[in-house]
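Nothing in this text is a laboratory measurement; each read-out follows from the coordinates by a stated rule. Everything quoted here is computed from the prediction, not taken from an experiment. Glycine also receives a Cβ, built like all others from the backbone with ideal geometry; neighbour counts cover every protein chain displayed.
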Amino acid sequence: MNPSNPLESIFYIKVPENFVSSDDAFKIDTSVELPVQNKINEAPGDFNPSEITTEQILAGILTVLAYDKNNKNLDYYRSILLKVKPNIKKELCEAAILKTKNEDYDLAEEIFLALLGLDPEDNAIILNMALFLDQRADSYRNNGLLEDADAYDNDARCYYEQALNAEPAIPDAFFNAGFFYLKQHKYIEARDSFETYIALTCDVADEELGDDGLYKKERAQEIVNKIKASNMDDESFRAAYDYISRGEEEKGLEEIRSFLQNNPKVWNAWFMLGWALRRLERFSDAKVAFLESLKNGGEENADTYNELSLCYVQEKNFDEAKKCLMKALSIEPESTKVISNLGYLSLAMGNKEEARKYFTAVLEFEPNDRIAAAELLKLESEM
């Protein structure tokens with residue numbers, strides 16, 4: 001049984017008054033129905049109350065905590081979990097982080113949701129949820145699933161905002177939120193987040209910060225200095241990104257050109273100009289902007305090379321397009337977006353076998369990439 005709605009795998013039982021759990025781990029309030037996680041391939045009608053295990057009840061409770069926020073018995077279910085497994089939060093958090101590192105995102109998300117259901121006020125859980133959603137958004141974006149990426153970014157923003165408002169303040173929330181806002185090209189928020197991190201840690205002894213803390217402090221200051229030196233916290237810069245993201249490219253062009261008049265050496269601004277022009281299918285002008293971005297410090301940004309390759313493809317300059325994509329891949333070797341584009345470029349060049357290898361590589365990194373799977377299926381049907 002693999003229901004689309006996780007709550008479909010749960011059934012509730014009214015426990016007989018003389019019921020005792022198989023391992024006698026805890027006493028049950030027989031007036032409250034218990035959620036029980038269905039065993040694989042077991043229909044509710046096949047259920048035998050005498051065969052209930054503690055694990056089934058605990059699994060059922062976790063599923064309810066994750067997906068049924070309005071259940072009237074949540075407090076009671078929480079009490080059962082915490083009584084039977086006092087270290088459950090620590091165990092679940094470690095499991096969720098491990099699943100995230102292994103890119104088992106579906107299971108990681110379910111565990112984080114259960115953690116939030118178990119303790120909605122735990123700021124450490126809230127911050128970890130923000131980090132998870134942030135990473136999952138990146139995974140979707142790298143696979144070209146932009147709508148899914150934007151949805152997860154929006155959720156991540158909500159959790160970051162909760163973590164940033166925690167009392168007492170959590171320095172790491174500001175440090176990580178700073179990078180989230182950088183990714184969003186929201187440089188004012190990024191600057192403010194990193195500056196707050198620096199302020200929160202300025203009086204902490206180096207020995208207490210440790211090597212990791214000292215690195216974060218130096219990195220935060222470095223980014224703040226770079227934002228200020230390049231005027232990336234300028235309102236025109238921010239407005240340009242917001243306009244382009246909303247599909248108002250012409251307004252974005254007006255803002256970013258205004259910014260570039262006073263800041264001609266900011267590679268991010270040239271990239272943004274190229275991005276808007278490319279979205280307007282003004283590929284020749286976009287190419288010039290991306291080349292300026294590379295000349296002014298954007299040579300370590302894989303997205304610049306990836307975007308430039310799209311312009312060369314429109315010019316049928318496939319050799320230069322491939323050089324750009326290979327450079328992007330050298331910067332981000334596991335970028336499925338870049339690898340997919342190499343597959344499409346191979347198709348444009350008439351090399352189906354090479355395209356097949358690239359799309360296969362995408363699926364090795366991201367087995368659930370629907371676009372790569374579809375292209376690979378199409379290729380295999382033609383061979």
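If we count every other residue with Cβ under 15 angstrom of Glu250's Cβ, Lys/Arg +1 and Asp/Glu -1, where does the sum land? Local net charge: -1.
Full extension from Asn368 to Asn351: what is 0.36 nm times the residue separation minus their Cα-Cα distance, to one decimal in nm? Spell out each step's value before the answer.
Details: separation 17, 0.36 × 17 = 6.12 nm, distance 2.44 nm.
Full extension from Asn368 to Asn351 adds 3.7 nm.
Start at zero, step by 20 Å, and the Cα-Cα distances of the chain spread as 22, 46, 27, 5, 0 percent across the bins. Counting only aspartates and glutamates at least 8 places from Lys72 when in the same chain, those with an alpha carbon closer than 19 Å to its own are Glu8, Asp29, Glu33, Asp119, Glu121. Gain on full extension, evaluated as 0.36 nm per residue between Lys69 and Lys323 minus their Cα-Cα distance, stands at 86.3 nm. Could you tell me which of the pairs Lys316/Lys357; Lys322/Lys357; Lys101/Lys357; Lys251/Lys327; Lys89/Lys186; Lys186/Lys251 are separated by over 27 angstrom between their Cα atoms in the structure shown? Long pairs (Cα-Cα over 27 Å): Lys251/Lys327; Lys89/Lys186.
Would you please give the FRET efficiency between Ser245 and Arg78, computed as 1/(1 + (r/R0)^6) with r the Cβ-Cβ distance and R0 = 35 Å, to the nearest 0.05?
Working: r = 40 Å, r/R0 = 1.14.
So the FRET efficiency works out to roughly 0.30.
Could you work out the relative contact order of the chain? I mean the mean sequence separation of Cα pairs under 8 Å and 6+ apart, divided by the number of residues, in percent.
Details: 459 pairs, mean separation 27.0, N = 383.
Once normalised by length, the contact order is 7 percent.
Each residue, Val204 and Lys90, gets one label point 7 Å from its Cα in the Cβ direction; the gap between the two is 2.1 nm. With the charge dipole of the chain set up from +1 on Lys and Arg Cβ and -1 on Asp and Glu Cβ about the Cα centre, the Cα lying farthest toward the positive end among the listed residues Thr304, Asn128, Leu182 is that of Thr304.
How high is the relative contact order of segment 274-335? Use alpha-carbon pairs under 8 Å, at least six apart in sequence, and give a whole percent. Mind showing how you got there, number by number?
Working: 62 pairs, mean separation 17.5, N = 62.
So the answer I get is 28 percent.
Computed on segment 106-195, with alpha-carbon pairs under 8 angstrom and 6+ residues apart, the relative contact order is 21 percent. Helix 267-279 and the longest principal axis of the Cα set of the chain meet at an angle near 90°.
Ordering Met272, Met326 by the number of other Cβ atoms within 10 Å of each residue's own Cβ, fewest first, gives Met326, Met272. Across segment 322-339, computed HN-Hα scalar couplings (Karplus, 6.51 cos²θ - 1.76 cosθ + 1.60, θ = phi - 60°) run 5, 4, 5, 5, 5, 5, 4, 5, 5, 7, 10, x, 10, 6, 5, 5, 5, 5 Hz from first to last residue, x flagging Gly and Pro.
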